[in-house]
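Written out below as structure tokens is the structure these notes cover.
Readers should treat all values here as calculations from the given coordinates under stated rules, not as data from a laboratory. All of these numbers come straight from a predicted model, not from anything done at the bench. Cβ atoms come from the backbone with ideal geometry, glycine included; neighbour counts cover every protein chain shown.
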Amino acid sequence: MRRQEQEESRAGLAEPTLSRWPNAELVRFAAKTFVIARMEMLRLRHDPTELISRAVQPALWLLIFGEVFSRVRAIPTGGLRYLDFMSPGILAQSVLFIAIFYGIAVIWERDLGIVHKLLVSPTPRTSLVLGKALSAGIRGLSQAVIIYVLALLLGVKLNWNPLALLGVAAAVILGASVFSAFSLIIASLVKTRERFMGIGQVLTMPLFFASNAIYPVLLMPGWLKVVSHCNPLTYEVDALRSLMVISSSSVYGLGLDFLILVAATAVLVMIGGWVYPNVAR
């Protein structure tokens with residue numbers, strides 16, 4: 001609590017200096033967003049066991065589901081081994097599972113009185129939401145490290161080009177930002193942990209299976225293809241697959257993938273900033 005209050009005061013102290021800069025409002029917004037993201041990341045440093053527990057699910061998917069379906073060879077993957085095809089989808093799934101339940105922290109903050117302190121500060125609501133979303137993205141990067149290690153052990157042909165690795169990091173952060181902002185919106189509306197957990201569990205599987213994470217969109221019936229094309233996870237997986245795996249290319253184009261992820265993040269952050277005060281009521 002005391003550390004968070006110190007971070008909040010630092011954000012306030014930075015304002016007089018920043019006011020001398022050109023585009024001071026933008027700089028101030030970025031500075032406050034960074035402070036919020038840093039506050040969130042301090043929690044991860046004090047609870048590293050969360051990273052270990054998060055590694056269990058992707059390991060099961062890759063070691064059991066991936067190995068079995070690699071032998072079946074019933075899913076067309078465009079010449080890729082099924083494990084190569086699947087690994088980026090499991091990374092996207094892991095990031096989704098982290099982000100979609102991220103909003104429960106806001107409910108805990110309300111019960112502790114932290115939300116009320118943030119709301120009376122001069123920090124813009126969108127900055128609060130974006131800072132939390134970016135911190136979810138940083139947590140997602142830890143999943144990327146785990147998936148890369150597992151994929152390497154399983155013989156997946158990974159692309160180690162530095163630009164590709166940066167692209168993977170960007171896709172992970174944007175994907176986590178999209179779904180954590182969405183999660184925060186849900187938390188602001190339902191306001192109770194029980195309802196939030198129920199809605200989160202209902203959403204995760206449809207989002208995952210209505211994407212190209214474990215099978216191509218071409219195999220889906222027409223109505224599910226429409227849903228898949230409206231699902232941001234589809235574009236995150238497409239970007240990850242083309243960047244992570246050698247001999248894999250983007251179906252929609254990397255430019256479109258990142259454009260949709262950035263646009264979805266911007267829209268959800270704005271909506272989240274609008275509904276964020278509701279969580280305190």
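Footprinting exposure proxy ranking of SER142, SER87, SER70, fewest other C-beta atoms within 10 angstrom first, gives SER70, SER142, SER87.
In the range 23-280, taking the dipole from charged Cβ atoms about the Cα centre, the farthest positive-side position among SER177, THR192, GLY79 is held by THR192.
This ranking places ILE214, ILE246, ILE185, ILE147 by how few other beta-carbon atoms lie within 10 Å of each, fewest first, which gives ILE246, ILE214, ILE185, ILE147. Summary of packing: across the peptides 216-224, 148-156, the per-residue average of other C-beta atoms within 10 Å ranks them, highest first, as 148-156, 216-224.
Fully extending the segment from ALA263 to LEU218, taken as 0.36 nm per residue of separation minus the present Cα-Cα distance, adds 13.7 nm. Residues in the range 214-221 carry Karplus couplings, in order, of 10, 7, x, 4, 4, 7, 7, x Hz; the curve used is 6.51 cos²θ - 1.76 cosθ + 1.60 with θ = phi - 60°, and Gly or Pro positions show x.
The local environment of SER242, defined by Cβ-Cβ distances under 14 Å, has a net charge of -2 under the rule Lys, Arg +1 and Asp, Glu -1.
Relative to a virtual label point 7 Å from the Cα of LEU153 in the Cα→beta-carbon direction, which members of the range 72-101 show backbone nitrogen distances below 11 Å? Flagged as within label range: none. What the Cα atoms of the range 23-280 give is an Rg and a Dmax of 18.4, 58 Å. Cβ crowding within 10 Å, taken as a proxy for footprinting-reagent exposure, orders ARG71, ARG139, ARG193 from fewest neighbours to most as ARG71, ARG193, ARG139. Using R₀ = 35 Å, calculate the FRET efficiency as 1/(1 + (r/R₀)^6) where r is the Cβ-Cβ separation of CYS230 and VAL120; round to 0.05. Result of the calculation: an efficiency of 0.40.
Between GLU194 and VAL275, the contour length at 0.36 nm per residue exceeds the Cα-Cα span by 27.2 nm.
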